[in-house]
Amino acid sequence: MPLFSIITITYNAAATLPRTIESVVAQSFAEFEYLIIDGASADGTVDIAHSSSCAKVFSEPDHGLYDAMNKGLRKATGEYVIFLNAGDTFHGPNTLQRYADAIYSAPEKPGIIYGQTAIVDISGNYLRERHLIAPTRLTVQSFLNGMVVCHQAMCVRRDLAPEYDLKYRFSADYDWAVKILKKSRLNVYIADYVADYLSEGITTANHKASLKERFHSMQSHYGLWPAIWSHLKKAILK
């Protein structure tokens, strides 16, 4: 069993996948498997994926991003899973090593290891810090403030990770993270960037629908009034 399963979801991602593969191949820590779950791309993505000797490539039609992510979870064999989608990268070649060090030095196996996220353009140039800063102490209550840890900046114990709820088209990652936090007894913070996130992802492009879904998910986990108060606070602070 590898320590990490790194999962990349692709669909017609020939322009962005190479940087992601390079980021994975460059890691100094080698106890990982790399799964590329493709949605039957027609632009050369699959050929690029197969060009990596370390990747296991699966390509077939799917029902969207989170359906593909569920396929990745089912195929993963690592103790921890990390989703790094096409265009996203590890922040540096030692990121996996830092995750491993955090796991091995913890008093028990952490449920989540996480850090900060840098927003980058398609060439990998730094644009800005993510507007939500990951807290140094992460609990289930932290997510009443929204998706305070970027999905790509979370390394999650696979036995705690449920499948994504496909009723959420744009914010299933928020619902997924809260479910994991409800079960995780220990979350470990890495005080540094761990992921570079490509700007203009699917959630960014569908911002209004994403916020509506996130409100419903928040309500289901925390109750109606905490969800309303959370959104009112954000409106007031703006």
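Values for this structure:
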| quantity | calculated |
| --- | --- |
| Residue that is nearest to PHE4 (Cα to Cα) [pool: residues in region 125-167 that are of a type in the set (Asp, Glu) and not in a helix (DSSP H, G or I)] | GLU163 |
| Answer residue from region 189-211, given it is surrounded by 13 or more Cβ atoms within 10 Å (Cβ to Cβ) and over 17 Å from the mean Cα position of the chain (by Cα) and is modelled with the lowest pLDDT among those | ASN206 |
| Members of region 11-45 that are over 25 Å from GLY92 (Cα atoms) and either polar (S, T, N, Q) or part of a helix (DSSP H, G or I) (or both) | ASN12, SER41 |
| Yes/no for GLY72 being under 17 Å from the mean Cα position of the chain (by Cα) and assigned to a loop (DSSP other than H, G, I, E, B) | no |
| Hey, GLY115 under 19 Å from the mean Cα position of the chain (by Cα) and either in a strand (DSSP E or B) or without any contact (Cβ under 8 Å) to a residue 12 or more places away in the chain (or both) or not | yes |
| Pick from region 50-61, criterion at pLDDT 95 or above and of a type outside the set (Val, Ile, Thr), ranking: least open to solvent (accessible area, probe 1.4 Å) | ALA55 |
| Filter result for LEU132 (in contact (Cβ under 8 Å) with a residue 60 or more places away in the chain and closer than 23 Å to VAL178 by Cα) | no |
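The values are calculated or read from the model by the stated rules, or taken from the named source; none is laboratory data. Note that the coordinates shown come from a computational prediction; the quantities given were computed from them, not determined experimentally. With ideal geometry, Cβ positions are generated from the backbone for all residues, glycine too; neighbour counts draw on all protein chains shown. In case anyone asks, the SASA skips ligands and DNA or RNA and just uses the protein heavy atoms, side chains included. Shrake-Rupley method; radii C 1.70, N 1.55, O 1.52, S 1.80 Å.
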